[in-house]
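Just so you know, all these numbers are worked out from the coordinates, no wet-lab data involved. None of these values were measured; they are calculated from a predicted model. For neighbour counting, all protein chains shown are included, and Cβ atoms are generated from backbone atoms with ideal geometry for every residue, glycine included.
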Amino acid sequence: MSREIKGIIVSRLIVFISIIIIPVITFLVYNLTDFFLWFSEDPILTFWLIKILCPFVFSVAWLYFLILFANRFSQSLESMDTTIRVVPLRLKFFFGVNALFILFIFIFPLITPLVAALSFASMAWRLTRAKKKSWEDNNVSFGTRFSMIAFILLPVFCAVCIMPVYLSLSVFLWRVYGYHY
């Protein structure tokens, strides 16, 4: 059974809040940190690519998947809630904070370009195959394949712009805050 607060299903509220917060956090991360382009020192190009284009592309990618799979995310949250109901609140808090730290510092920045490429390819697929009645049709047209490749080029370009800085940031944070042998 779903948890409700004043008639609002909590898992659906969390998904809705995520849809609002993810673009805000993405733009804040890109605008508050001092990212640079490894191939150019032009401040105008850096502004448009780092502060505008990259956060927009990566936000759209996450929003696409969140909106497309909103029901699945909500059901997953409900399932997780029923599974960990017996765990004490102090342990939920401790492990939740650790999981959020690992997710937001190490995992999300590294998988975001992959998610962006997949979501943009999925957008192209849905746009070009929208009139098909059956998804089992194996005849994928050249136009569909071409549009998928064309849609993937933008997130790949953004990933190439950002990935060296992301990797160095992740390595730095792992060395400073991570586990040491």
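Laid out as a table, the results:
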{"quantity": "Loop-resident sites, region 1-80, for GluC sites (Glu not before Pro), counting at most 15 other Cβ within 10 Å (DSSP)", "calculated": "Glu41"}
{"quantity": "Span-rule helices in the chain, defined as complete DSSP H runs reaching 27 Å or more along the axis (Cα) with Kyte mean at least -1.0", "calculated": "10-32, 108-128, 142-177"}
{"quantity": "By average C-beta atoms within 10 angstrom, highest first, the peptides 118-129, 91-102, 5-16", "calculated": "118-129, 5-16, 91-102"}
{"quantity": "Read-out Cα extents along the principal axes in Å, derived from the coordinates shown; its label in (i) 51, 51, 35; (ii) 42, 39, 30; (iii) 63, 41, 27", "calculated": "(i)"}
